[in-house]
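These notes are about the structure you will find just below.
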Amino acid sequence: MNTTLSLLGTPLAELRHALHRSPELSGQEAATAACIAGWMEEAGAEVVSGLGGHGLAAIFRGAEPGPRVMLRCELDALPIDEAPRGDWSSCHPHVGHLCGHDGHMSWMLGVAQRLAASPVARGEVVLLFQPAEETGEGARAVVRSKAFAALKPDYLYSCHNLPGRPLGEVSVRDHAFTCASRGMIVRLSGLCAHAAHPENGRSPAMAMCRIMQGLSRLPLQFADETGLAMVTLIHARLGEVAFGTSPGDAEVMVTLRTESDDMMKALAEAAVSLARSEAEEDRLGIDVDWCDTFDATWNSPEANDMIRRVARQQELDCVELPQAHRWSEDFGVLARDCHAAMFTFGAGEEMPGLHHPDYDFPDTLLAPGVEIFEGLVRQHLERE
């Protein structure tokens, strides 16, 4: 990470390129956090480090009391090889900012530049740089940090760039905005036997097939419920590659996805019940583990109304999403106890999709993103 760059004297695109060159995986964002902390101190902010690992918050205080507005972005990158790009290609093999978190951080850097030049009159602005969003662990770890209790906001905003939509288009949705999701791992244990005498063992093959089929059909049980329910099979393994052996173990992995946390609880309970029933039928042992757990993001209509107001003031197109995004975000964990909203910002209709090797956050989206975030801050902290 180039720590010689000045926050206040460097164009925002150049700062983004510096972040892009030095991506770090979830939970490993130490160098990125250290660089950000230095830039925030340069802007005159009070920096609180060690939030949920490498997370940090930059606090800008007004002279008079008022509400606390928090703007959140993400520090981590993805374990993906990127296609070459200019002189800001990733310096780390198989690690790249292919979700746009370098751009999201740069929005916050731009807001910090604006606040350094023109401080708010009242209240507080907290810029939260969150670790480990990609694994779903970061927001929970931040909330568990003792220091976060003193930073809890009255209003909280976050934004994700959205390839495939017109550049600069703002999209909002009251209530469910992104889905809850969780990875389910079903491990079956039976008994190996010689392939010539499979009857002497307990193969999990048939139970594995029934579990895969049953889990895939499980959302049909929720067809009359409100909102989305999905089960996606992502991986299956049966025994080892040994033609002389009847398998004794198996593994099935699926992703559950719903629009609400309540629906997720019901779907997860049904999935576990189905898997255990099939295992018991064939006298198999079973273990169920969970990973990559994300809560649904639930937007406050009041916070969304502020986003709509600022978008109108800046003459940005603002559209209402007909349904929640299927992808998941751990922002919902941070948003539980305040007026909070996440919105998306169009990254261009021809832009490759998120997590694609050719994706690169568009520099043309930096300035309008800073404008809308600063607009939200000023609306809350400078209005009567």
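The values are calculated or read from the model by the stated rules, or taken from the named source; none is laboratory data. Quantities reported herein were computed from a predicted structural model and do not represent experimental measurements. Positions of Cβ are backbone-derived with ideal geometry, glycine not excepted, and every protein chain shown enters the neighbour counts. Just the protein is used for accessible areas: all its heavy atoms, side chains included, with ligands, DNA and RNA removed. Shrake-Rupley method; radii C 1.70, N 1.55, O 1.52, S 1.80 Å.
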Rounded to 0.05, the calculated FRET efficiency for the beta carbons of A266 and A205 at R₀ = 30 Å is 0.55
If one builds a Gaussian network model of the chain from Cα atoms under 10 Å apart, the most fluctuating residue listed among E46, E374, E281 is E281
Given a Förster distance of 25 Å, the FRET efficiency implied by the Cβ-Cβ spacing of R237 and R217, rounded to the nearest 0.05, works out to 0.75
Excluding ligands, DNA and RNA, the carbon-plus-sulfur percentage of the accessible area of the range 66-177 with a 1.4 Å probe reads 57
Rounded to whole Å², per residue accessible area for the chain with a 1.4 Å probe reads 43
Phi-derived 3J(HN,Hα) across the range 204-221 with the Karplus relation (6.51, -1.76, 1.60, θ = phi - 60°), rounded Hz, x for Gly and Pro, is x, 4, 5, 5, 4, 5, 5, 5, 4, 5, x, 5, 4, 8, 4, x, 4, 5
Taking placed amide H atoms and a strict 5 Å upper bound, the residues 5 or more places from A193 or on another chain that come that close are S246
Among C209, C35, C159, the residue with the largest mean-square fluctuation in a Gaussian network model of the chain built from Cα contacts under 10 Å is C209
Note to self, the chain gives a 222 nm [θ] from helices alone (DSSP H runs n ≥ 4, -39500 (n - 2.57) apiece, / all residues, nearest 500) of -9500 deg cm²/dmol
Relative contact order of the chain (C-alpha contacts under 8 Å, at least 6 apart) in percent is 23
Under the 7 Å Cα-to-Cβ spin-label approximation, E315 and H94 lie apart by a distance in nanometres of 4.9
Residues of the range 321-342 with backbone N under 20 Å of the label point set 7 Å from the Cα of R140 along Cα→Cβ are 327-338
From the Cα centre of the range 74-135 to that of the range 1-56, the distance in Å is 8
Heavy-atom accessible area of the range 222-359 with neighbours in place, 1.4 angstrom probe: carbon+sulfur share in percent works out to 46
Residues meeting the amide H criterion for L316 (H placed from the backbone, H to H distance under 5 Å, 5 or more places apart or on another chain) are none
